[in-house]
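Bear in mind these aren't lab numbers, they're just calculated from the coordinates by the rules spelled out. Note that the structure is a prediction, hence the values are computed from the model and not measured. All Cβ positions, glycine included, derive from the backbone under ideal geometry; neighbour counts span all protein chains shown.
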Amino acid sequence: MTLRRRLGVAIAALLVIMALAFGGVFLTQRGYQLSQLDERLAGLSANTKALVAMSTRADAGTGAAADLLTDVYVGVHRANGTLRTVLAPDADPTLVPRLLGNERDAGAVTRNTSSGITERVRLVEAFLGGQRYAVVALSMAGLEAQSRRLAIALVLAWLVVAGVALLTAYWVDRLGLRPIADLTAAAEHVTASGGRAAVQVESGNPATEAGRLGTAFNAMVATTAAGQEQLRRFVADASHELRTPLTTLRGYSSLYAQGGLATEEQVADAMSRMNAEATRMGRIVDDLLDLTALGDRAALDLAPVDLAAVLDDLAADLRVRNPDRAVAVQRSGRTRVLADSDRIRQALTALVANAVKYSGEGSPVELVAEKRGPAVRVKVIDHGRGITAAELPRVFDRFYRVAAAGPKGSGLGLAVVAAIVSAHDGRYGVESEPGHGSVFWIELGAAPIDA
């Protein structure tokens, strides 16, 4: 059973219970009023002869009897069925009850009237003597008026409670249950689509739990859909990148098996090419493993690292490998950060290698570490061909290579850099102008002074 149906059943049950309770209150109150009338009738009919005598005096205007019996009807019912009125109420002097013939010794009963303004009376018929019976009656007009007022009050109270309950149910349904039902339907649709459908729901009031749940669901679905799309693109790109070296390996091995490599030189050349392709596949696999491992921040071994010192080491290595290339290191302020030393060196090495790869022979490279407020920024500046504005947003994507750079590399180097910096909760970016080189930068939070 759904929550909405349970709410409806609960409210219906509440209203039924309240109706039964109010009905019980009405019947109890009416029964109590009837018992009061019956007690008075019993007291009046305890001595019928004295009552008839008092009634005669009251009808004649005798003071004490007249004051005592102003609202009482007294009559004498003979054996032949005739009813003679001895005393009628002052407010209804023409009152005559309608007798059905079964009132004798039946106790207090309710009967209609045959005349008078009163519609119903409560009466007792008691033995008077001989063939006569005394009929004592009291008007039920006051009792029925009170019962009507009580019934109206109870009905109004029930309607108010029902209105409040229905408004509460509508409020709960609109702000809580309906958004949850929409979320359930959307989640089922996403599940049926295998997570590919980017279904969005109306988040509603963010101050409510349902509103926050809708916002979180939309963010989750968008993230999942983006992740699915990225995964599909990643798998397609990885398959494409691995297919080329696999084809080369398969081609040379098939050529060798068919005897196509007749000389030692041809065999050596084929082995060299196969080794290069296998090495390239190894780098791609290593980079993919790095990207997977960097998704877990807990895998980082954080310790204080001086980024300027790391740049000095990289500059020294670069000067040894490329003695004709000018390498300058600049430092500004305190450049110590809390990071995984190996991973940060890996990222900066990739940026330096990228600067060398895409700039001309002998082109200078500048390495800068500077304090910027609560962070430390490292910049790797080259003076190569640069990157067009259209390509800048994608240079850190996996397997993406700048068109002008040609088929160099696997397209994973900068993606690994981005993953390392993101794992450190840092920032990264690039600024470039075609023909004037590029500035790649990363930014990490500065380490505390006592670190």
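Structural remarks
- Normalised by 2.2 N^0.38 Å, where N is the number of residues, the alpha-carbon radius of gyration of segment 3-146 equals 1.40.
- Sorting 155-164, 414-423 by average packing, meaning the other beta carbons within 10 Å per residue, from highest down gives 414-423, 155-164.
- Proximal charge balance of Arg4 [Cβ under 9 Å; K/R count +1, D/E count -1]: +2
- Model label zone, Asn322; criterion: amide N under 16 Å from point 7 Å along Cα-to-beta-carbon; scope segment 387-403: 387
- Note on the chain: Lys pairs 8 or more places apart or on different chains, Cα atoms under 24 Å apart, count 4.
- Once you divide the Cα radius of gyration of the chain by 2.2 N^0.38 Å, the number left is 2.26.
- For segment 153-192, the normalised intensity computed at q = 0.15, 0.24, 0.32 Å⁻¹ comes to -0.50, -0.74, -0.91 (log10 of I(q)/I(0), Debye sum over alpha carbons, equal scatterers, no solvent).
- Over the chain, relative contact order from alpha-carbon pairs under 8 Å, at least 6 apart, %: 9 percent
- Rounded to the nearest 10 degrees, the angle from helix 307-321 to the longest Cα principal axis of the chain is 30 degrees.
- Relative contact order of segment 298-445, pairs being alpha-carbon contacts under 8 Å that are 6 or more residues apart, as %: 24 percent
- Packing rank of 115-121, 126-132, where each peptide gets the mean count of other beta carbons within 10 Å, highest leading: 115-121, 126-132
- Percent of Cα pairs exceeding the 14 Å cut-off, where the set is segment 317-388: 63 percent
- Cα pair distances exceeding 22 angstrom across segment 316-451, given as percent: 37 percent
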